[in-house]
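First up is the structure itself, then whatever we jot down about it.
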Amino acid sequence: VSFLVRCPQCGHRSVYEFRFGGEVKQRPAPGAPEADWVNYTYTKVNEAGVQKEWWFHRSGCRQWFQARRNTVTNEVQESFFPEETT
Amino acid sequence: VSEPSGALTFEFNGKLVTARPGDTVASALYRSGQRIFTRSFKYHRPRGLLCLAGKCPNCLMNVDGTPNVRTCMTPVRAGMRVTHQNAYPSLDHDCLEMVQRFDWLMPVGWYYKTMTNPRLWHAAEPLVRKVAGLGDVPAMDSVSGNYEHGYRHAEVAIIGGGPAGLKTAVELAAQGEQVTLIDDQPELGGHLRFSKKTDDSLAELTVQVQKHSKIQVLHGCYCFGLYEGNLLGIVQPRRDPLDAERLIHLRAGRVVVATGAYESPLLFPNNDLVGIMLSTAVQRLIRLHGIAPGKVAVVIAPSPMGEAVVADLREVGIHVAAMVAPDSVVRALGNKSVTGIETRDARYNCDLVVVCGHRVPDAGLLHQAGARLQWDARKGAFIPTDFPASISAVGEVTGESLLAPLPIPPERDPRNKRAFVCLCSDVSSQDLADAIEEGFDHIETLKRYTTTTMGPCQGRMCQLPAIGVCARQTSRSMAQTGVTTARPPNPGVTLGALAGARHHPTRRTPMHDEHDESGAVWLDMGEWKRPRYYQVQKGASEKQCVEQEYRAVRERVGLIDVSTLGKLDLKGKDVGKLLDKIYAGRLSDLRPGRVRYGVLCDEAGIMLDDGTVSRLADHHFFITTTTGNLDFVNQWVKWWLVGSGWDVYLTNLTAGLAAVNLAGPNAREVLAPLTDCDLSHQAFPYMACRSARVAGVEALLMRIGFVGETGWEIHFPAESGPDLWKALLAAGRKFDIRPFGIEAQRLLRLEKRHVIVGVDSDALTNPYEAGMAWAPKLDKEDFIGRAALMRLAGEPPQQKLAGFVMNEEVLPEDGAAIMVNGQLAGRVTSVRFSPLKQKAIGLAWVPAELAREGAEVDVRVGGRLARARITEQAFYDPAGARLRT
């Protein structure tokens, strides 16, 4: 892998500057059934296509952000701080 | 003959060789009369210069200790030491030459056919390794010279400094683009430097490129890979022995591949004899090095193609005996060196055979990057198409002006045991045909079975003929047969260049020099250097030193540097809410001035880290993490804050603060004179924290007891580290204070049965197994891991972390096996000799039903089993009375 990731703060940087934080998932509500928690904790969709992911710019601004990446082509389509979308 | 000015000498197999400026190692050796440059991989057939372009395996030698160096690409340098490879005793007289008489014993795939028994292979391996192969791996530390990595950026990267690359560079630079041009030759110009087609525009173009402020040229650098995101892997060889071999990571906005086309050999029996050279190699020798490579030559070429070559040869006085058509060649004659050519109608004597081979577009980088290669029969070449976005190609690599000298697949039956397709590993056309008979008829399986295209040339010499033979023998077309996948690195890269410089970043605490002066024996903990113990007297053993440090803490007072702890400052109205969420325990009700121990779990209930949480004010907390987990915890906290909308400001103070732990029965008496803070038990009880000045330095004092004695952990500005450290040691002198290291600390905490997360726990440990059932507060509405911990709390754990004492005087190792009834049942996580118990004590994972006072297990010590007794309580001061005085 040697693709570029766009950090919303620092711009396009080598993927080696980042820590991958996994798929973006919705955490269940505190009282949710155990099955939801098991699903949240252990299951990954592992999409072959575009998925929303967490990234941390470890060697840069040290911020967490989210990105939409095509897992087949490694093209990072967009990236943003989560607050910006809500 | 007088030597030209600037002549220099180097060593070849111990003898001095004179070279001219501009020579490569290969051209200088050739001029000195050397004709055999290598012995072949398997049969030890003599091989001489073939391509002179760095594309074939025929000139690999050991240069200054580095094996398998392409000598035709290596500019000669005064004092170089060059030695031959894979020939015994010499290149000219190699005893192993006789191996080729036994070729009938070595059919294609003979490893797979003969080495069917592991014992047989083990017996044969040393011999096979000696006889077959390339250069020897250098011994550890024998390779001199440095390696380093460099990073560059370019709007456009152009690979190849031939006419097409130069022209494109000038055009793009004129449009304002910032261009980096990579060329593997010592001078720009590509084939125009040695072909007769020279026109005056070259000199002008070269000057334009070199002078243009927007064009940067990487001379003599080769590109071995074109990776995702237009990342180019480039090697810049050493220019002199003091220079570093540099691996350049070049990131380009766009890439223009202008690598041109190279020549690859034709297939006929004995096509590998010394003296058979490609036409471009001969032109290089003549024009670049002023060498006439023979007296009488035969040119193998279709007539329009060959005429230019014939003219070149005549120009330097070489007599051309004949020009023969490629399809008329029956075989080359000769034993070591070529002595003639036999055609269907005649025999010609000669000492040089010039082959006008196939021109192959050098499209490996494009293929790596995802372009397709499409067969073009008229050009006799696979032409790159379907380029990825932002990658393009210009010049001969696109197939322009190519013409096949001979049809492929071959019309005649190509099978012959001495018609070599693959020069790197001695694979003949007969071998390929045999492999196809055996069922390896797909180009990819054929490649893997015969190792054709897998040697140092990476298919540059052999791919096209191999596909030709495969297509013919399987009655498929070239397009149907297809090409094998191109992968980097090509050409090869030294492991040293990939590894880069030997940089080991280390972190030192502010008191590093003080430890050094006190005789610290260092321990590497991640990047940190920490004192393992202090060797106060010369010759004292580690055991003695550690025990002295231990006794100081238990009986008097000790001081340890804990600056490596992660230190995070949290301010804001919602810090309590955040801490309640990320810690298993409850922290929002912590009163200012108090400290609590906290455990962090993940959603699966696994323990991630632990540390102290201090509340300094209503909206101000200070947390510590273990040394190795700071980065993780810092990122973890930040992640949970994203989108929370909570009022929390997180600052990492790890590097800004130094920290020490002063502990022991006399700790209070040592500290009191240095501070105004009331240290009495009433005013400053166990698990309390205060801000105060210590020896004039603003500090945070926490009364905690990791080692089990009255003590204070003191955090203060890093710049005051040495001063405060010295002040504390001075104040403690009358109590015979001792600095103590990690070893003593580990022993002290083990007697208190305190768990170290990550040492005694692992990636599957939950608090209930670790004996910390009190830590998770399940009545909190929500925290990370609550759902999992609720379930874990309801089911009895299968294994538990338990303390143990050995029954006899033996010391097991950390990680020793726990055995129950002869079965493996667990493992020791920490074990030390306890001066208190006068036995080894430790923590171990044992089956839950045995994790009770008085149960017995076996521990493997050396080769035998020793009994240990499980204890539930701390070994030292189980009630914690020592901490509360």
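For (1) among the β-branched types (Val, Ile, Thr); (2) touching an Asp or Glu at 6+ places or on another chain (Cβ under 9 Å), each residue gets a yes or a no:
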position	(1), (2)
B:VAL170	yes, no
B:ALA174	no, no
B:GLU177	no, yes
B:HIS191	no, yes
B:VAL207	yes, no
B:ARG238	no, yes
B:LEU250	no, no
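Restricting to segment B:137-167, count the residues that are assigned to a loop (DSSP other than H, G, I, E, B) and surrounded by 13 or more Cβ atoms within 10 Å (Cβ to Cβ).
The first filter runs over segment B:137-167 and keeps only residues assigned to a loop (DSSP other than H, G, I, E, B), leaving B:137-145, B:160-162.
With surrounded by 13 or more Cβ atoms within 10 Å (Cβ to Cβ) added as a condition, the list becomes B:138, B:143, B:145, B:160-162.
Total satisfying the criteria: 6.
Could you tell me which residue of segment B:239-253 is farthest from B:GLY492 (Cα to Cα), considering only residues that are over 17 Å from the mean Cα position of the chain (by Cα) and surrounded by fewer than 20 Cβ atoms within 10 Å (Cβ to Cβ)?
Initial filter on segment B:239-253 (over 17 Å from the mean Cα position of the chain (by Cα)): B:239-244, B:250-253.
Going one step further and asking which of them are surrounded by fewer than 20 Cβ atoms within 10 Å (Cβ to Cβ), we end up with B:239-244, B:251, B:253.
Numbers: B:ARG239: 18, B:ASP240: 20, B:PRO241: 20, B:LEU242: 22, B:ASP243: 20, B:ALA244: 17, B:ARG251: 20, B:GLY253: 25 Å.
Going through the qualifying residues, I end up with B:GLY253.
For residues that are charged (D, E, K, R) and within 18 Å of B:TRP636 (Cα to Cα), scanning just segment A:37-60, find the one that is most open to solvent (accessible area, probe 1.4 Å). Step through it out loud before you land on a result.
We begin by selecting, within segment A:37-60, every residue charged (D, E, K, R); these are A:44, A:47, A:52-53, A:58.
If we keep only those that are within 18 Å of B:TRP636 (Cα to Cα) as well, we get A:53, A:58.
Numbers: A:GLU53: 0, A:ARG58: 98 Å².
Taking the candidates together, the pick is A:ARG58.
Can A:ASN39 be described as on the phi > 0 side of the Ramachandran plot and either free of Cβ contacts under 8 Å to residues at least 60 places away in the same chain or more than 11 Å from every other protein chain (Cβ to nearest Cβ) (or both)?
Against the criterion (on the phi > 0 side of the Ramachandran plot and either free of Cβ contacts under 8 Å to residues at least 60 places away in the same chain or more than 11 Å from every other protein chain (Cβ to nearest Cβ) (or both)), A:ASN39 does not qualify.
Tell me the residue from B:TRP725, B:TRP712, B:TRP640 that is within 14 Å of chain A (Cβ to nearest Cβ) and either surrounded by fewer than 19 Cβ atoms within 10 Å (Cβ to Cβ) or on the phi < 0 side of the Ramachandran plot (or both), please.
Details: B:TRP725 fails: within 14 Å of chain A (Cβ to nearest Cβ); B:TRP712 fails: within 14 Å of chain A (Cβ to nearest Cβ).
The conditions single out B:TRP640.
Pick from B:LEU446, B:LEU464, B:LEU432, B:LEU373: which is without any contact (Cβ under 8 Å) to a residue 40 or more places away in the chain and under 19 Å from B:THR485 (Cβ atoms)? Even if it seems obvious, please write down each step before you answer.
Values: B:LEU464 fails: without any contact (Cβ under 8 Å) to a residue 40 or more places away in the chain; B:LEU432 fails: without any contact (Cβ under 8 Å) to a residue 40 or more places away in the chain; B:LEU373 fails: without any contact (Cβ under 8 Å) to a residue 40 or more places away in the chain.
Answer to the check: B:LEU446.
Would you check if there is a residue in segment B:563-580 being more than 22 Å from B:ILE756 (Cβ to Cβ), open to solvent by 20 Å² or more (accessible area, probe 1.4 Å), of a type outside the set (A, V, I, L, M, F, W, C) and within 14 Å of another protein chain (Cβ to nearest Cβ)?
Yes: segment B:563-580 contains one or more residues that are more than 22 Å from B:ILE756 (Cβ to Cβ), open to solvent by 20 Å² or more (accessible area, probe 1.4 Å), of a type outside the set (A, V, I, L, M, F, W, C) and within 14 Å of another protein chain (Cβ to nearest Cβ).
Would you please name the residue that is nearest to B:ASP327 (Cα to Cα), looking only at residues in segment B:290-307 that are small (Gly, Ala, Ser) and crowded, with 17+ Cβ neighbours inside 10 Å? Spell out how you get there, then give the answer.
So in segment B:290-307, the residues small (Gly, Ala, Ser) come out as B:290, B:292, B:294, B:297, B:301, B:303, B:306.
When the remaining residues are screened for being crowded, with 17+ Cβ neighbours inside 10 Å, the result is B:294, B:297, B:301, B:306.
Working: B:GLY294: 24, B:ALA297: 18, B:ALA301: 9, B:GLY306: 14 Å.
Ranking the qualifying residues of segment B:290-307, first place goes to B:ALA301.
Restricting segment B:474-523 to residues that are at pLDDT below 95, out of contact with any Lys or Arg (no Cβ under 7 Å at 6 or more places or on another chain) and among the polar types (S, T, N, Q), which is surrounded by the fewest Cβ atoms within 10 Å (Cβ to Cβ)?
The residue in question is B:THR485.
Within segment A:14-23, is even one residue over 22 Å from B:TYR227 (Cα atoms) and within 9 Å of another protein chain (Cβ to nearest Cβ)?
Step one: filter segment A:14-23 for residues over 22 Å from B:TYR227 (Cα atoms), giving A:21-23.
Pick out the ones that are also within 9 Å of another protein chain (Cβ to nearest Cβ) and you get A:21.
Checking segment A:14-23: at least one residue is over 22 Å from B:TYR227 (Cα atoms) and within 9 Å of another protein chain (Cβ to nearest Cβ).
Scan segment B:35-54 for residues that are open to solvent by 30 Å² or more (accessible area, probe 1.4 Å), modelled with pLDDT of 95 or more and either under 32 Å from the mean Cα position of the chain (by Cα) or not basic (Lys, Arg) (or both) and report the count. Write out each step before concluding.
Looking only at segment B:35-54, we keep the residues that are open to solvent by 30 Å² or more (accessible area, probe 1.4 Å), and these are B:35, B:41-42.
Those still in the list that are modelled with pLDDT of 95 or more too: B:35.
Among the residues that remain, those that are also either under 32 Å from the mean Cα position of the chain (by Cα) or not basic (Lys, Arg) (or both) are: none.
The number of residues fulfilling the criteria is 0.
Which strands (runs of 3 or more DSSP E) does segment B:309-424 wholly contain that include 1 or more residues that are closer than 25 Å to B:VAL282 by Cα, open to solvent by 40 Å² or more (accessible area, probe 1.4 Å) and of a type outside the set (Lys, Arg)? Please lay out each step first, then the result.
Working: elements: B:319-324, B:329-334, B:338-343, B:347-349, B:352-355, B:358-361, B:372-376, B:381-385, B:391-393, B:420-422.
Ranges flagged: B:319-324, B:329-334, B:338-343, B:347-349.
What number of residues within segment B:130-184 satisfy the criterion of being over 19 Å from B:ARG238 (Cα atoms) and basic (Lys, Arg)?
Residues in segment B:130-184 being over 19 Å from B:ARG238 (Cα atoms) and basic (Lys, Arg): 2 in total.
Would you mind stating whether A:VAL1 is within 12 Å of chain B (Cβ to nearest Cβ), farther than 19 Å from B:VAL633 by Cα and open to solvent by less than 30 Å² (accessible area, probe 1.4 Å)?
Details: within 12 Å of chain B (Cβ to nearest Cβ): yes; farther than 19 Å from B:VAL633 by Cα: yes; open to solvent by less than 30 Å² (accessible area, probe 1.4 Å): no.
No; evaluated as a whole, the condition is false for this residue.
Considering only segment B:171-205, state which residues are surrounded by 19 or more Cβ atoms within 10 Å (Cβ to Cβ) and β-branched (Val, Ile, Thr).
If the condition is that a residue be surrounded by 19 or more Cβ atoms within 10 Å (Cβ to Cβ) and β-branched (Val, Ile, Thr), then B:VAL179, B:THR180, B:ILE182 are the ones that fit.
Has segment B:575-594 got at least one residue that is touching a Ser or Thr at 6+ places or on another chain (Cβ under 8 Å), part of a strand (DSSP E or B) and not aromatic (Phe, Trp, Tyr)?
Yes, segment B:575-594 contains at least one residue that is touching a Ser or Thr at 6+ places or on another chain (Cβ under 8 Å), part of a strand (DSSP E or B) and not aromatic (Phe, Trp, Tyr).
Evaluate the following for B:GLU719: is it under 30 Å from B:TRP522 (Cβ atoms) and open to solvent by less than 40 Å² (accessible area, probe 1.4 Å)? If you could, list the steps in order and put the result at the bottom.
Details: under 30 Å from B:TRP522 (Cβ atoms): yes; open to solvent by less than 40 Å² (accessible area, probe 1.4 Å): no.
Considered against the rule, which asks whether it is under 30 Å from B:TRP522 (Cβ atoms) and open to solvent by less than 40 Å² (accessible area, probe 1.4 Å), B:GLU719 comes out as no.
With (1) surrounded by 16 or more Cβ atoms within 10 Å (Cβ to Cβ); (2) within 11 Å of chain B (Cβ to nearest Cβ) as the list, and A:GLU34 as the residue in question, which single condition is left unmet?
Among (1) surrounded by 16 or more Cβ atoms within 10 Å (Cβ to Cβ); (2) within 11 Å of chain B (Cβ to nearest Cβ), A:GLU34 violates only (1).
Identify the single condition in (1) in a loop (DSSP other than H, G, I, E, B); (2) over 26 Å from the mean Cα position of the chain (by Cα); (3) modelled with pLDDT of 95 or more that B:PRO57 does not satisfy, given that it satisfies every other one.
Condition (2) is where B:PRO57 drops out.
Is segment A:4-22 home to any residue that is out of contact with any His (no Cβ under 9 Å at 6 or more places or on another chain) and under 30 Å from B:GLU781 (Cβ atoms)?
yes
Does B:VAL613 fit the bill of being away from chain A (no Cβ under 14 Å) and not hydroxyl-bearing (Ser, Thr, Tyr)?
Values: away from chain A (no Cβ under 14 Å): yes; not hydroxyl-bearing (Ser, Thr, Tyr): yes.
Here the answer is yes, as B:VAL613 does meet what is asked.
I need the full set of residues from segment B:1-34 which are open to solvent by less than 10 Å² (accessible area, probe 1.4 Å) and part of a loop (DSSP other than H, G, I, E, B), in order please.
The one that is open to solvent by less than 10 Å² (accessible area, probe 1.4 Å) and part of a loop (DSSP other than H, G, I, E, B): B:ASP23.
Counting residues that are within 10 Å of chain B (Cβ to nearest Cβ), which strands (runs of 3 or more DSSP E) fully inside segment A:45-86 reach at least 3? Lay out the reasoning, then the answer.
Numbers: elements: A:50-56, A:64-70, A:76-80.
Correct list: A:64-70.
The values are calculated or read from the model by the stated rules, or taken from the named source; none is laboratory data. Remember, it's a predicted structure, so these values are computed and weren't measured experimentally. Every residue, glycine among them, receives a Cβ derived from its backbone with ideal geometry; neighbour counts consider all protein chains shown. Protein only, heavy atoms only, side chains kept; ligands, DNA and RNA dropped before computing areas. Shrake-Rupley method; radii C 1.70, N 1.55, O 1.52, S 1.80 Å.
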